[in-house]
Structure formats: C-alpha cells, structure tokens
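A short worksheet on the structure shown next.
The values are calculated or read from the model by the stated rules, or taken from the named source; none is laboratory data. Nothing here was measured: the structure is a model prediction, and the numbers come from that model. Don't worry about glycine lacking a Cβ; one is built from the backbone with ideal geometry, like all the others, and counts go over all protein chains shown. To get the accessible areas, we keep the full protein, side chains included, count just its heavy atoms, and leave off ligands, DNA and RNA. Shrake-Rupley method; radii C 1.70, N 1.55, O 1.52, S 1.80 Å.
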Amino acid sequence: MKKVLILEDELNIRSFVVINLRRAGYDAIEAATGQEALDKLAENPDIGVAILDVMLPDIDGFEVCRNIRTTNKTIGIIMLTARSQEMDKVTGLMTGADDYMTKPFSPAELTARIDALYRRIGNSASDNVEELKQGPFTLNVRNRTLDKAGTRIKLTQVEYAIMKLFMQNPSRALSREDILASVWGRDYDGELKIVDVNIRRLRIKIEDDTANPVYVTTVWGFGYKWGA
Ligand code: CA
C-alpha cells in the first residue's frame with residue numbers, strides 16, 4: 001500500500017486528512033511534531049509522499065522539509081500553508097517542496113495532488129531510452145540522475161521531471177502551461193508560478209552563472225527554452 005505521512009499538530013485537521021487518505025486507499029502515517037515526522041520517516045523509508053504543515057510547536061515545516069531533503073531527494077513533499085501566506089509558499093518550494101496547498105483545502109484536491117506526485121515517482125519504469133546526453137549534461141533515465149561534466153547534480157523529483165522534459169525538447173520554446181501540464185499533470189489546477197520557482201531552483205543547480213543563464217533561457221511572456 002502506498003504510504004503517505006501527514007505532519008499536522010492540529011488534531012482536527014490531521015484526523016480529517018487521515019480519514020480521507022485512508023478512504024482514497026493510502027496508508028496514512030501521522031505525526032504531530034516535526035521531530036515525530038522525522039522519526040516516522042526514518043522508520044518508514046517507503047513513504048512516498050509527505051504532507052507538512054508549516055506552523056508547528058517545535059521546528060517549523062520548512063525546517064522539516066529541508067531536513068528531509070538533505071537525505072531524501074525522491075520523496076514527494078506537499079506543504080500546507082495558511083491562506084495568503086504567499087511568501088511562505090515560495091519559501092517552501094525553495095527549501096525543496098514539490099507542491100503546496102492553502103488551508104482550507106478539499107480532500108479531493110489533496111488526494112489528486114498526492115496521486116500526481118506518486119505517478120511521477122513511478123513513471124520512470126516505462127522509459128526505453130536510457131541516457132540523454134547534451135553538452136556537459138547526461139541524464140540517466142533509468143537511475144533518474146543528472147551529471148554535469150561528470151559531477152552528480154542532486155535533483156528533486158520535480159526538477160528531474162523538468163530536466164527530462166527540456167532534454168527531450170532541445171531548442172524548443174516550452175510554454176509555462178506546457179511545463180506545468182507535463183510535469184505536474186494535466187489535471188493539476190495549481191498556479192503557473194510554481195513553474196518559475198522550480199526553474200529558478202534548477203538554474204541554481206545547473207547554470208555556471210545563475211544571473212546569466214545559458215542552458216535554461218527565458219522566453220519572455222511565454223516560457224522557457226533548453227539548449228546545451
Ligand atoms: Ca499547525
């Protein structure tokens with residue numbers, strides 16, 4: 001059974017999420033504090049997606065996210081933010097989260113996002129081309145790794161999916177809508193800004209000079225283009 005961790009200190013919200021996850025066929029694992037979440041993740045390395053509340057009594061959710069990402073690049077992470085915490089969303093994504101949801105949210109929307117993350121984690125098995133090589137970059141589709149001039153670059157699942165899309169479409173301008181649909185799924189109804197935030201983070205990892213990107217270039221008013 002697919003395991004999902006829910007970190008939320010408010011019992012009412014946590015129970016509500018747990019009931020809905022179980023109804024959707026997930027094995028829900030609960031944590032009420034940041035430390036408890038990290039302990040549960042260590043005990044259950046097969047957790048595929050973690051839902052992290054930001055406001056917690058001990059360490060905040062961003063810190064938990066950062067902590068998870070130091071050792072786990074593949075787990076899907078969804079942050080739960082309060083309404084109108086626009087900056088929090090961006091901070092959450094910069095610390096390595098894949099997605100965020102604003103409270104209050106519908107259980108159907110939450111399970112749709114989790115399903116989308118799980119699909120992305122499982123998608124690589126059907127690929128038949130093993131390696132994509134362009135310029136200094138080698139993307140290994142089987143191992144889901146990226147090397148630049150022989151040095152491994154650690155990517156989150158979302159960053160990997162974006163890189164793969166780029167390398168499958170060299171020199172082609174991709175709209176932000178195309179990227180969102182391809183990476184997050186056609187049924188994803190989140191904001192386009194999530195694309196920009198992830199591209200910004202990807203550039204920090206792959207560009208020689210983030211201020212003057214040469215591999216991922218901006219196509220103003222449209223989207224992005226890959227070239228290497
Ligand atoms: Ca809370």
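For the residues T70, T74, T111, the requirement of being more than 16 Å from the ligand (Cβ to nearest atom), part of a loop (DSSP other than H, G, I, E, B), of a type in the set (S, T, Y) and not assigned by TED's automatic domain parsing to the domain that holds E159 singles out T74. Looking only at the stretch 131-168, residues that are assigned to a loop (DSSP other than H, G, I, E, B) and surrounded by 15 or more Cβ atoms within 10 Å (Cβ to Cβ) come to 4 in all.
L11 meets each of the listed conditions (1) within 14 Å of the ligand (Cβ to nearest atom); (2) open to solvent by less than 50 Å² (accessible area, probe 1.4 Å) apart from (2). Examine the stretch 201-220 for a residue that is under 13 Å from the mean Cα position of the chain (by Cα), surrounded by 13 or more Cβ atoms within 10 Å (Cβ to Cβ) and in a helix (DSSP H, G or I), and state whether such a residue exists. The answer is yes, given that some residue of the stretch 201-220 is under 13 Å from the mean Cα position of the chain (by Cα), surrounded by 13 or more Cβ atoms within 10 Å (Cβ to Cβ) and in a helix (DSSP H, G or I). A single entry from I59, I51 fulfils the requirement of being within 16 Å of the ligand (Cβ to nearest atom), assigned to a strand (DSSP E or B) and at pLDDT 90 or above: I51.
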